[in-house]
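Every number in this text was worked out from the coordinates using simple rules, so none of it is lab data. The model shown is predicted, which means the values in this text are computed figures rather than measured ones. A quick note on method: Cβ atoms are made from the backbone with ideal geometry, for glycine too, and the neighbour counts reach across all protein chains shown.
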Amino acid sequence: MLSENQILNWDKDGVVITKKQKQFYLKNGYVIIPKLIDQRSIDSYTQRFQDICSGKCEKTPQMLLMRDIVVAKKGEKTITEKTLNKITNFMDDEVLWDYCQQPKIVNGVKDLIGHPNSCILAMNTMVINKPPDFGKLSSRHPLHQDLHYFPFRPSDFICCSWTAMERITRANGCLVVVPGSHLGPLLEHGYPDWDGNVNTAYHGIKTYSPDLNMVHLEMDTGDTVFFHPLLIHGSGANRTNGYLKAITAHFANDDYCRYLPKDNPEMKFVVEDFEKLIEKYLSKKGIHETNITFHDFWSLKAKEVCGIRSNL
Ligand SMILES: O=C(O)CCC(=O)C(=O)O
């Protein structure tokens, strides 16, 4: 079997990512491509998010509408742009799915984790709507590595794209990354000790040095950061009155990625947490018994962006 570095080409310009940008990604684990997505597309995603919140258009069956923990604890059930902090699994929404089909996203992903003929799947899709912080700092996202959530490998054939839907700064809670941390191992994660003000499934790295070199990624509308799933990253609290919006997807190269064995010890914490969440979610829908596993959950939400799926 060829190694990742024999398959991936770091020494040539790609379709979207230049050789210099690829080298930056290789060294730092992320790269920002300015103005990758045009304003018209961003406006259509914003409008769709608002229409889903207002009920003007229906959410698709797999979509999960998530509230900030502080809102959820207040028992606030109404869905509005002010109560939702995230929509996940938009792969069957015709407007939002356009993001995963944008040639600049698809080709950017192929430049980093594949080649022009690769089969690329979108494994996870989200619109983030980080609310003004409710005073409990729950709008922060703890430092984590996305690979912690993924039951498939190898990591070099997975990457995230995260696109700013407006100007994103330290004030409204931009992404924070630790350059070069993708070259280290997957670290142990758990729920942070934030007095119960931690959003569902916001796992964080358990122990890390306080002197980590953190870089804040301030971005303009349409700017897109591609990052590696081992990159340590998180985001700050939103200290403004606005709702920070970003659209994001995780992609995997289906030609090379495979699921881990179901009993892999690295996945124990996340599998147990997700099984509890899936059970709670289904029981609200009147389903009290399920044999849906964590792997099924991923397999069901994976969708081809290009090529023919044969593994994940
Ligand atoms: O956008 C954010 O606030 C953080 C998102 C993130 O890190 C993630 O979903 O993995």
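The table below lists the values:
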read-out: Cα shape, the chain, gyration tensor, a/c 1.5 rule; value: rounded
read-out: Along the chain, longest interval not containing exposed GluC sites (Glu not before Pro), exposed being DSSP loop plus at most 13 other Cβ atoms within 10 Å; value: 189-288
read-out: Lysine pairs with alpha-carbon atoms under 21 Å apart, region 25-139, spacing 8 or more or separate chains; value: 25
read-out: Karplus-derived 3J(HN,Hα), 6.51/-1.76/1.60, for each residue of region 177-188, Hz, glycine and proline x; value: 10, 10, x, x, 5, 5, 8, x, x, 6, 9, 6
